[in-house]
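Just below is one structure, and these are the notes that go with it.
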Amino acid sequence: MAEFNSHIITNAGRNLLARALAGEGKVIFTKAAFGDQKHSGNLREVTELKNKKLDLNVMNIRNDNGTAVLTVQISNENVEQSFQTEEFGVYAKIEGDITEILYSYTTAVSADTFPNNRLGKTYESIQDIYMAISSDIEAEIYVRDGVIYLTRDIANQVYTETGLTAVGTLKGRNNLEADKQYLADNGHWYKNIGGNRTWEATSGTPDEQLIPITWKYLYESLNNKENQLIQNLNGILGQNNGEFPIEQAVAGNVYYFPRNQKYYYCLKSQTSRVSVPNADFEELSIYQNRKKLENLSKYDFVDKTAGTRYTSLQFEKIGNVGHVFLDIPSGVSNTLNNEALLFTFPKEFKPKSFNLKVLVSYPNGQTARTRYDENTRNLYILSPIQVVESMYLDTFYFLD
């Protein structure tokens, strides 16, 4: 294949990138092409090959930290006349556009003869093309049905759905990105589970934080995680009272049913053998959710007025919603100083956050700011005011 100069992004290509960065859509690379003549002058202004001879299929693309790596298929299957490869271009469009544009263009340093097909398909190769693109651009390819064949590398990288971005080879880079996949020297792709980290550029061998993207590994990993999950659940539950079938089940115990891999809470003791969960057993997740629903309708009330100088200090809660009512008589409100402790929330009524910043004074409408200390559950007055009326705090909040 001929040796080419570096690709130049055309003005049309730059406009396409600008549109993509503005959020108009994805960049879709549609094809590449050879020509047997070449432009001179300002190549950024080129809008089409000077004399296109052969369209090439784009098989794959990946965005490697701002460098677009296009994999193209080159074949002489449809070439009736040999030609000199003097120019090369890549075409693209924004998703939804009808027409494509010449995205990049380059000319040959030294042209080569591309053979015709008189003796059949005698030339076929896969080539990677490197060109500039923004690392913020999301790019895809357009593939015409039935005109390309798979290489093992592309099949491993693209057609095994992983949901991971394929960045490129391990060797030659100094940093790895979290949850991206990289190609090792052994020809396999690996997911980086070690987060954003540095990498030895001379190494193409994966470490323990690069896991293989293979069905075998995923299958083994799922099995291991299932066993670990069972152990973790046992630890969370603080008990594992056995598996079905059970000779004698005890109310309040938890039993594991291997057939559906679920845990069941025993509602009523059983004196005879139980092979499968019956009506006296409730799936643990259902049992826990039912308890949560019961808690949502559970009402609690506590009166903390006694021992204070207040007319009223009361707390209520329903589910995870709390309510506090404070009535400060006029004889007390005008004695409150800066950072004076108003009250301490009872432990079971502790707010998740307490954003009320004022106390309201009636009837003149004056206010005073408050400060809540989540470590001590104390509520302080932050900016005292001179009032002779009673003051009130009446508000709802979320419980911690």
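Points worth noting:
- Residue match in segment 53-71 (condition: among the aliphatic types (A, V, I, L, M), within 30 Å of THR169 (Cα to Cα), without any contact (Cβ under 8 Å) to a residue 60 or more places away in the chain and not assigned by TED's automatic domain parsing to the domain that holds ALA178): yes
- Taking the criterion of being buried (at least 21 other Cβ atoms within 10 Å of the Cβ) and touching a helix residue (DSSP H, G or I) at 6+ places or on another chain (Cβ under 9 Å), the only residue of segment 32-58 that qualifies is VAL46.
- Some residue of segment 111-133 being at pLDDT below 85 and touching a Leu at 6+ places or on another chain (Cβ under 6 Å): yes
- Taking the listed residues THR99, THR10, the one that is over 30 Å from THR122 (Cα atoms) and in contact with a Ser or Thr (Cβ under 9 Å, 6 or more places away or on another chain) is THR10, with no other qualifying.
- Test: residue in segment 176-198 that is over 23 Å from the mean Cα position of the chain (by Cα), hydroxyl-bearing (Ser, Thr, Tyr) and at pLDDT 75 or above: no
- Top-ranked residue of segment 310-353 - restricted to ones that are within 12 Å of SER390 (Cα to Cα) and β-branched (Val, Ile, Thr), ranked as nearest to the chain's Cα centre (by Cα): ILE328
- Near pairs, Cβ below 8 angstrom, 6+ apart or cross-chain, from segment 261-275 (under 15 Å from ASN241 (Cα atoms)) to any residue that is assigned to a strand (DSSP E or B) and acidic (Asp, Glu): LYS262/GLU283; TYR263/GLU283; TYR264/GLU282; TYR264/GLU283; TYR265/GLU282; TYR265/GLU283; LEU267/GLU282
- Residue tally, condition assigned to a loop (DSSP other than H, G, I, E, B), under 15 Å from PHE4 (Cβ atoms) and not acidic (Asp, Glu), over segment 91-112: 1
- Extreme residue, modelled with the highest pLDDT, among residues of segment 367-390 that are assigned to a loop (DSSP other than H, G, I, E, B) and surrounded by 15 or more Cβ atoms within 10 Å (Cβ to Cβ): ARG377
- Within the set ASN232, ASN240, the sole residue that is of a type outside the set (Val, Ile, Thr), part of a loop (DSSP other than H, G, I, E, B), modelled with pLDDT under 85 and surrounded by 11 or more Cβ atoms within 10 Å (Cβ to Cβ) turns out to be ASN240.
- Scanning segment 60-78 for residues that are more than 24 Å from GLU177 (Cβ to Cβ), surrounded by fewer than 19 Cβ atoms within 10 Å (Cβ to Cβ) and among the aliphatic types (A, V, I, L, M) yields a single hit, ILE74.
The values are calculated or read from the model by the stated rules, or taken from the named source; none is laboratory data. Predicted model, so just to flag it, every value in this text is computed and none were measured. Note that we place each Cβ from the backbone using ideal geometry, even for glycine, and neighbour counts take in every protein chain shown.
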